[in-house]
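Structure, as structure tokens:
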């Protein structure tokens, strides 16, 4: 990781983590990811050491995150912030557009190619082409055309996926958490791997926040620091815990 003069301090900072590609390796299908056996224990320890100032901020829905992170019940932001569970367990859902008609516009392409998968979320659709990389531009063009007729969505190009999502982003989700206990008053640290995480990096590294963004993997990013892969992220978390109370990233 690029060395910074800034450090992660359990007592002072709030930690925000993306999920896919950050805590777990990407898989051919979203449901096929493998949660490292160590991950749950690490997150549980961080939650305890930080007095609860830990949240997962993901494109996945809340119920999927809960499934993969069980038995933990962490503060979560799902669908890029369209839905959140606060530290005290409240569910806050942003108003979102209906995906029914958008789905109808995308299904002809999906049905004509076995390698494509359409993932349906609350207020969002993700068109995965990991098994049909040659269809990347076709998927992007089809999504662009579909969104011309369906307002209420923002298009994002991710890792082997093009997504129509609500007009919210991970930066908005982190900002909302930072107004709540136990995150309020802490400096934010955000770790993520994809273009959807850039809004989180921008928020935490803004002049008023003075936080730290850590990019996972290759590719351009505004994050101040970088690590290679999810295994390296777990290594950073493990080192920080082992070094506590003088822990640092």
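FYI, it's all coordinate maths here, none of it is from the lab. The shown structure was predicted, so the numbers you read here are calculated from the model rather than taken from an experiment. Note: ideal-geometry Cβ built from the backbone for every residue, glycine included; neighbour counts use all protein chains shown.
Using a basic spin-label model with each label point 7 Å from the Cα along Cα→Cβ, how many nm lie between residue 241 and residue 51?
If labels sit at residue 241 and residue 51, their model points lie 2.1 nm apart.
Using a Förster radius of 30 Å, what is the FRET efficiency between residue 92 and residue 160 based on their Cβ-Cβ separation? Nearest 0.05, please. Numbers along the way, then the final one.
Values: r = 30 Å, r/R0 = 1.00.
E between residue 92 and residue 160, to the nearest 0.05, is 0.50.
Give the share of C-alpha pairs in each 5 angstrom bin for segment 136-249, from 0 to the last occupied bin, in whole percents, shortest bins first.
Computed distribution, short to long bins: 2, 11, 16, 17, 19, 15, 9, 6, 3, 1, 0.
How many percent of the alpha carbon pairs in segment 74-206 exceed a separation of 22 Å? If you can, show how the numbers build up before the last one.
On the way: 3685 of 8778 pairs.
In whole percent, the share of Cα-Cα pairs in segment 74-206 beyond 22 Å is 42.
Tell me the Rg and the Dmax, in Å, that the Cα atoms of segment 100-165 produce.
According to the Cα coordinates of segment 100-165, Rg and Dmax are 10.5, 29 Å.
Provide 206, 50, 112 in ascending order of the number of other Cβ atoms located within 10 Å of each residue's Cβ, fewest first. Could you put the intermediate results ahead of the total?
Details: 206 13, 50 21, 112 9.
So the residues, fewest neighbours to most, are 112, 206, 50.
Rule-of-thumb check for segment 21-61: C-alpha Rg over 2.2 N^0.38 Å? Display every interim value, and only then the final one.
Values: Rg = 11.9 Å, N = 41, 2.2 N^0.38 = 9.0 Å.
Segment 21-61 yields a ratio of 1.32.
For the chain, what relative contact order do you get, as a whole percent, if you take Cα pairs closer than 8 Å and at least 6 residues apart?
About 23 percent, as a whole number.
What is the calculated FRET efficiency for residue 140 to residue 27, with r their C-beta to C-beta distance and R₀ = 30 Å, to the nearest 0.05? Kindly include the intermediate steps, with their values, before the conclusion.
Working: r = 22 Å, r/R0 = 0.72.
E(calc), rounded to 0.05, equals 0.85.
Convex hull volume of the Cα atoms in segment 61-134, per residue, in Å³?
Numbers: hull volume 7.3 nm³, N = 74.
Measuring per residue, one finds 99 Å³ for the Cα hull of segment 61-134.
Mean 1/r over all different Cα pairs, inverted: what Kirkwood radius does the chain give, in Å?
The answer is 18.4 Å.
If the chain between residue 231 and residue 63 were fully stretched, how many nm would it gain, using 0.36 nm times the residue separation less the Cα-Cα distance?
On the way: separation 168, 0.36 × 168 = 60.48 nm, distance 2.43 nm.
Value of the extension gain: 58.1 nm.
Taking only Cα atoms, what is the 0 to 90° angle, nearest 10, from helix 136-149's long axis to the longest principal axis of the chain?
Helix 136-149 and the main axis of the chain meet at about 80 degrees.
Among the DSSP beta bridges whose two residues both lie in the chain, what percent are antiparallel, rounded to the nearest 5?
So the antiparallel bridges in the chain amount to around 55 percent.
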